[in-house]
Amino acid sequence: MKIGRRDWIFLGIVAAVFIAFFAISGPEKTKKLPKDADHQQFNEMLKAGKKKSEVDPLCESCHDGVKIKFPEKHPAKPGGAPMRCLFCHKSQ
Ligand code: HEC
Ligand code: HEC
């Protein structure tokens, strides 16, 4: 098969999509749910098949923004809608 101009354009677009995809992915930077005494129970619950949405509300008993403060630029603040902690902080 002869590769014509149109094919090269098509291949160029495919390559660009792949490059863009890898550029935006990169390694996960958000901290994972720690594997310590406070958090291991949640790692276990999720491993046992509990839904993230069932475990998320349990975080705020400690992480209420008062007992444990969130970083200044934390993308989610307590008070409004229930926070999906585990959507960003993955269990391990
Ligand atoms: C029993 C209290 C308690 C509960 C419940 C709790 N945490 Fe924590 N969490 C802590 C404490 C204390 C720290 C600070 C530990 C430290 O800095 O070493 C912490 C730190 C963290 C950190 C930062 C870890 C790091 O590497 O700096 C993340 C992320 C986190 N918690 C997520 C969660 C999520 C998600 C939940 C709910 C599934 C949750 N925590 C429930 C007490 C709790
Ligand atoms: C939209 C994504 C998102 C949600 C939802 C979210 N976080 Fe975070 N969180 C981040 C990012 C990003 C950082 C700053 C980068 C980092 O340190 O992981 C952070 C930082 C933290 C830290 C400080 C880590 C440190 O450096 O000491 C804690 C503790 C934490 N989050 C707990 C929680 C808890 C508990 C919830 C749910 C109540 C939650 N987060 C919901 C994205 C999120």
**OP:** State to the nearest 20 debye the size of the charge dipole of the chain about its Cα centre, where the only charges are +1 on K and R beta carbons and -1 on D and E beta carbons.
**Re:** 400 debye
Original post:
For segment 5-88, what is the largest minus smallest coordinate of the Cα atoms on each principal axis, given in angstrom and ordered from greatest to least?
Top reply: 63, 33, 23
Subject >> the chain: angle of helix 5-25 to the longest principal axis, Cα-based, in degrees nearest 10 >> reply: 20 degrees
Original post:
To the nearest 10 Å², what's I13's accessible area with a 1.4 Å probe?
Top reply: 100 Å²
Original post:
So which GluC sites (Glu not before Pro) in the chain end up in coil per DSSP with only 12 or fewer other C-beta atoms within 10 Å?
Top reply: E28, E72
Original post:
Taking Cα pairs under 8 Å and at least six residues apart, what relative contact order does the chain come out at, in percent?
Top reply: 36 percent
Original post:
Per the helix-only calculation at 222 nm, which mean residue ellipticity applies to the chain, given -39500 (n - 2.57) for every DSSP H run of n ≥ 4 and division by its residues, nearest 500 deg cm²/dmol?
Top reply: -13000 deg cm²/dmol
Subject >> segment 1-67: trypsin sites (Lys or Arg not before Pro) falling in loop per DSSP and having at most 16 other Cβ within 10 Å >> reply: K2, K29, K31, K32, K35, K50, K51, K67
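The values are calculated or read from the model by the stated rules, or taken from the named source; none is laboratory data. Since this is a predicted model, take the numbers as computed values, not measurements. Cβ sites come from the backbone with ideal geometry, for glycine too, and all protein chains shown count toward neighbours. Heavy atoms of the whole protein, side chains included, go into the accessibility calculation; ligands, DNA and RNA do not. Shrake-Rupley method; radii C 1.70, N 1.55, O 1.52, S 1.80 Å.
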